[in-house]
Amino acid sequence: MIRKIAVLTSGGDAPGMNACLRAVIRAGLYQGIDMYVIYDGLRGLVEGQIKQVNKDFTQDIINRGGTIIRSARLPEFKDPIVVERAADQLKDFEIDALVGIGGDGTFRGLNDLAKHGIKVVGIPGTIDNDVGSTEQTIGFSTALNTICECIDKLKDTSGSHQRCSLIEVMGRHCGDLAMYAALAEGAEGVICVEHPLKEDVLFRKLRKMKAQNKSHAIIIVSENLLDIHDLAKKIEEKTGFDTRTEVLGRLQRGGSPSAEDRVLAARMGAKSIELLLNDKCDSRIIGVKGGQIVDLPIEEAVNMKHEHTHGLRDLIDMLQ
Ligand code: F6P
């Protein structure tokens, strides 16, 4: 029988993590469970940074960006000795189950802990939307809105100077942020894994725009693919478009979560407690499928690859 549940946030922080933390803690307390938080992600777990919390802890955090229990990346969690130390900490605190909010790396860590007899539930929280077992992650909607807000502003200055703006967005190796932003902004171009750069097509298009005296061009580029400064130079040489680069960077991770992320966080957070209290359930990962909250065995979920949104690629090309 489960009496004590702990929750942590791990990996890159994402807007909505606090809203999810709130939901997990409140849903647990509602069921009469003793609720604990673990500071500094999996690293804090290994170090035993564990504290019991009550409802007051979750006051006024639903709208706050970042994560109030902080996050960390811990590559050393691959080491079985480190995992064992983490499992021992939970046992020392007599904690029966763990909820982890994070991305793929966090889920792999949770899976390793599950092998030590800890019941775990993973909730996808990352701006990248790159988790295989879900159509949407907590934080993606807010990051997308932030990118759009930035590009709206860039369009003002880009248009005033008749420039081409190359804008690099995050996503690790997933093009969802780039493609959704391209669609939402009506960008003239997008370059990402799912929509690779075709230089001749891009240059031809920009030359045509220049000839037509178009006010500006917006090209969105996913990180980790190419050097946007080199590409900017090439665009100037090949098209005559005065070109500037903007790397949006970590500001995409900050800010108050969108209503969509808060609602998703609430639904997933409550689901995690429901799963942990169900004796018939093994360790699970929560996701979204067709708008519904679903859950999968953790072993299966960690081996799933994110479905690339190829349908969007055709839509982007059609509307450009
Ligand atoms: O996973 C979230 C993310 O922001 C990625 O988009 C990015 O590649 C990475 O984290 C950056 O991580 P860090 O802030 O640790 O350098």
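The values are calculated or read from the model by the stated rules, or taken from the named source; none is laboratory data. Because the structure is a prediction, the values reported are computed rather than measured. In this analysis, Cβ positions are derived from the backbone assuming ideal geometry, glycine residues included, and neighbour counts consider all displayed protein chains.
Give me the pairs, please: first residue somewhere in region 7-28 and outside any loop (DSSP other than H, G, I, E, B), second residue anywhere and within 12 Å of the ligand (Cβ to nearest atom) and polar (S, T, N, Q), beta-carbon distance under 9 Å, and either six or more positions apart or on two chains.
Going by the 9 Å Cβ cut-off, the qualifying pairs are Leu8/Ser71; Leu8/Thr106; Thr9/Ser71; Thr9/Thr106; Met17/Ser71.
Name the residue, out of Lys210, Lys153, that is modelled with pLDDT under 95 and surrounded by fewer than 18 Cβ atoms within 10 Å (Cβ to Cβ).
Just one listed residue meets the conditions, Lys210.
Kindly list, by first and then second residue, each pair from a residue in region 220-236 that is within 12 Å of Leu197 (Cα to Cα) and part of a loop (DSSP other than H, G, I, E, B) to a residue that is more than 16 Å from the ligand (Cβ to nearest atom) and of a type in the set (D, E, K, R), limited to pairs with Cβ atoms under 8 Å and residues at least 6 apart or on different chains.
So the pair list comes out empty.
Could you grab me the full set of residues in region 1-51 that are touching a Ser or Thr at 6+ places or on another chain (Cβ under 7 Å), of a type in the set (D, E, K, R) and either more than 30 Å from Thr146 (Cα to Cα) or away from the ligand (no atom under 16 Å from the Cβ) (or both)?
Once the filter is applied, which keeps residues that are touching a Ser or Thr at 6+ places or on another chain (Cβ under 7 Å), of a type in the set (D, E, K, R) and either more than 30 Å from Thr146 (Cα to Cα) or away from the ligand (no atom under 16 Å from the Cβ) (or both), region 1-51 yields Arg22, Arg26.
I need the full set of residues from region 164-202 which are in contact (Cβ under 8 Å) with a residue 24 or more places away in the chain, farther than 20 Å from His306 by Cα and surrounded by fewer than 18 Cβ atoms within 10 Å (Cβ to Cβ), in order please.
Hits for region 164-202 are Ala184, Gly186, Leu197, Glu199.
Quick one: which of Leu98, Leu113, Leu154 is more than 15 Å from the ligand (Cβ to nearest atom) and either at positive phi or assigned to a strand (DSSP E or B) (or both)?
Just a single option satisfies the conditions, and that option is Leu98.
How many residues are within 11 Å of the ligand (Cβ to nearest atom) and of a type outside the set (Ser, Thr, Tyr) if we restrict to region 116-149?
Result for region 116-149: 9.
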